[in-house]
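J.: Supplied in structure tokens, the structure appears directly below.
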Amino acid sequence: MVTSDRRRRWPAYAVAVLFLGYAAGKAAFALQARLGFPGGPPVSAAETGSYFMEAATAQWLATASGVLGACVALATVTALGRRVPRTLMLLVLVGMLLAVGGGAGIMIVDGFVGMGVGWRWYHGVLGILVIGLFLEMTRSYAAVTRRVAG
């Protein structure tokens, strides 16, 4: 096995692009005051009525979470982000993994088994790739910061 001191930044960049794509899709739907995600299953009229907040507000919050996720992903490979204590960053990444893994898990199960949400098989494949990419970004961050700390 060949060991390299070169940092693996591409997983973080790819995750940041995915989060920004998520944010852009949510912003597009927020402008239309619709729930859902472009390219995803349609949301029925019964599901659009929310007791907690309007669809546009929910989508703008999801847009903000996508931008924040992209910023955290980039923080794992930038000097500014490396100033964040390693333990805190790993806790944030684990929390994000739970959120991302939950959404991707639903896409995977519905895409391959079917739960009635409407995701297709290719959404399931995307879910698997997203989880793998996020795990690789986290592993890469942990490995690089362990080397620096040790």
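The values are calculated or read from the model by the stated rules, or taken from the named source; none is laboratory data. The shown structure was predicted, so the numbers you read here are calculated from the model rather than taken from an experiment. Remember, those area values only see protein heavy atoms, side chains included, never the ligands or the DNA or RNA. Shrake-Rupley method; radii C 1.70, N 1.55, O 1.52, S 1.80 Å.
J.: Hey, can you find the accessible area per residue of segment 14-150 for me, probe 1.4 Å, expressed in square angstrom?
T.: Working: 7880 Å² over 137 residues.
Ligands and nucleic acids excluded, the figure is 57 Å² per residue.
J.: I'd like the accessible area for Phe37, computed on protein heavy atoms only with a 1.4 Å probe and all protein chains in place. Round to 10 Å², please.
T.: Accessible area of Phe37: about 60 Å².
J.: How big is the chain in terms of Cα radius of gyration and Dmax, in angstroms?
T.: 17.2, 56
J.: As a test of the formula, what do you get for the chain when each DSSP H run with n ≥ 4 contributes -39,500 (n - 2.57) and the sum is divided by the residue count, at 222 nm and rounded to the nearest 500 deg cm²/dmol? Intermediate values should be presented prior to the final figure.
T.: Numbers: 5 runs with 103 residues, N = 150.
So the helix-based figure for the chain works out to -23500 deg cm²/dmol.
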